[in-house]
Amino acid sequence: MQATAYTYDPDTRSGQVLLDDGTPVPFDAAAFDAGGLRLLRPGQRVRIETEGAEGSLRITLVTLQTL
């Protein structure tokens, strides 16, 4: 799934992405670390992996979107 980075706190390595429908979904340090990223800027397109249903969607991986 693709999303856009919305917020990112380098101290906690957590933040939020916006899904293409505008829904914000938070991610934690474990999801950020799993992707091997060192930095994330608002507006960057990212690829995310999730688990759970729509009401309890949880991001498990955040990586940069590459073509």
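The values are calculated or read from the model by the stated rules, or taken from the named source; none is laboratory data. Everything numeric here is computed off the predicted structure, so don't read it as measured data. Don't worry about glycine lacking a Cβ; one is built from the backbone with ideal geometry, like all the others, and counts go over all protein chains shown. Surface areas here come from the heavy atoms of the whole protein model, side chains and all, with no ligands, DNA or RNA. Shrake-Rupley method; radii C 1.70, N 1.55, O 1.52, S 1.80 Å.
Here are some notes:
- Scanning region 1-28 for residues that are in contact with a Phe, Trp or Tyr (Cβ under 8 Å, 6 or more places away or on another chain) and among the hydrophobic types (A, V, I, L, M, F, W, C), we see that the one that is most open to solvent (accessible area, probe 1.4 Å) is Leu18.
- Total residues in region 29-63, condition assigned to a loop (DSSP other than H, G, I, E, B), open to solvent by less than 80 Å² (accessible area, probe 1.4 Å) and either in contact (Cβ under 8 Å) with a residue 24 or more places away in the chain or touching a helix residue (DSSP H, G or I) at 6+ places or on another chain (Cβ under 6 Å) (or both): 7
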